[in-house]
Amino acid sequence: MSFADSYHATTLALLDSVRARNLATLRALGPIVGRSLAAGGVLHLFGSGHSEMLAREIIGRAGGLMPVTGLFDPGYGFSENIVGYGTRLAQRYENTYGLQTGECFVIISNSGKNASPIEVALHAKARGLTTIALTALSMSTTSRTVHPGGKNLHEICDHTLDNGGVPGDAVVEVEPGRFAGPTSTLTGSLLLNLLALEAVEWLRAQGHELPLVTSQNIPGGMEANIALAARYRTRLSKLIG
């Protein structure tokens, strides 16, 4: 089997297993996120370094939720292990966009050991937000944290979504002891979109309006997004229109 074929087969199976292992947590989180959005809140995300890609996946995304916003690290993760840096990022973000008790904050870290994600989670918890870790438990439960508090991300957050990854993230052995083909982006994206859909389902079941982003490439899409985004004008780090 070629490397690409091996990766394809492995990731297809992994997507199914990741959904199955997180299903109970996703179903529990749907109403929590849904209630916070129905009350006028927004869903916050943070990912340091490559994990920022996942945070951006569901922000301003056609077919996704409008009230979703992200804390972005201007250093692109370069300083994620400097103790105190994540706290300052969170403080600046709060001063600009606000954090409200009862909202939800998804903190993404594949290893679960780095200082910045842990400090963002601690800051959010201190403000009364529900914190959700998106991590690889195989790494977060075995890697020693660099944060002086001594805990990894999954030990701090209220809920954990496990992306099912292996230590090192890559799953295809291309030379003895060397691996390629990371999986965290695929499974992380799946989990975030499943989380959003669980919230959408709860909102619909409770009779709430669905605050969805419309593709600007279909008639009326841009106008609809501008009108909806106006409700969150001071809260979102990326707005449509």
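Can you pull out every residue in segment 90-129 that is among the aliphatic types (A, V, I, L, M) and either in a loop (DSSP other than H, G, I, E, B) or in contact with a Gly (Cβ under 9 Å, 6 or more places away or on another chain) (or both)? Once the filter is applied, which keeps residues that are among the aliphatic types (A, V, I, L, M) and either in a loop (DSSP other than H, G, I, E, B) or in contact with a Gly (Cβ under 9 Å, 6 or more places away or on another chain) (or both), segment 90-129 yields L99, V106, I107, I108, A115, I118, V120, A121, L122, L129. Taking the numbered list (1) in a helix (DSSP H, G or I); (2) closer than 16 Å to G112 by Cα in turn, L191 passes all entries but (2). Among the residues of segment 39-57, those that are in contact with a strand residue (DSSP E or B) (Cβ under 9 Å, 6 or more places away or on another chain), at pLDDT 95 or above and assigned to a loop (DSSP other than H, G, I, E, B) comprise G41, V42.
Only one of the numbered conditions (1) assigned to a loop (DSSP other than H, G, I, E, B); (2) modelled with pLDDT under 95; (3) surrounded by fewer than 12 Cβ atoms within 10 Å (Cβ to Cβ) is violated by K238, and that is (3). Residues in segment 79-127 that are loosely packed, with under 15 Cβ neighbours inside 10 Å and under 18 Å from the mean Cα position of the chain (by Cα): G102 alone. Note on segment 61-78: among residues that are farther than 18 Å from E103 by Cβ and small (G, A, S), the one that is surrounded by the most Cβ atoms within 10 Å (Cβ to Cβ) is G77.
Could we say that A90 is among the aliphatic types (A, V, I, L, M) and farther than 24 Å from V166 by Cα here? For A90, the condition - among the aliphatic types (A, V, I, L, M) and farther than 24 Å from V166 by Cα - is met.
Do the conditions hold for T69, that is, is it touching a Ser or Thr at 6+ places or on another chain (Cβ under 7 Å) and assigned to a strand (DSSP E or B)? Yes. Against the conditions (1) assigned to a loop (DSSP other than H, G, I, E, B); (2) over 14 Å from G112 (Cβ atoms), V172 satisfies every one except (1). Here M139 clears all of (1) part of a helix (DSSP H, G or I); (2) among the hydrophobic types (A, V, I, L, M, F, W, C); (3) closer than 25 Å to G30 by Cα except the condition numbered (3).
The values are calculated or read from the model by the stated rules, or taken from the named source; none is laboratory data. Everything numeric here is computed off the predicted structure, so don't read it as measured data. Cβ: placed from backbone, ideal geometry, glycine included. Neighbour counts: every protein chain shown.
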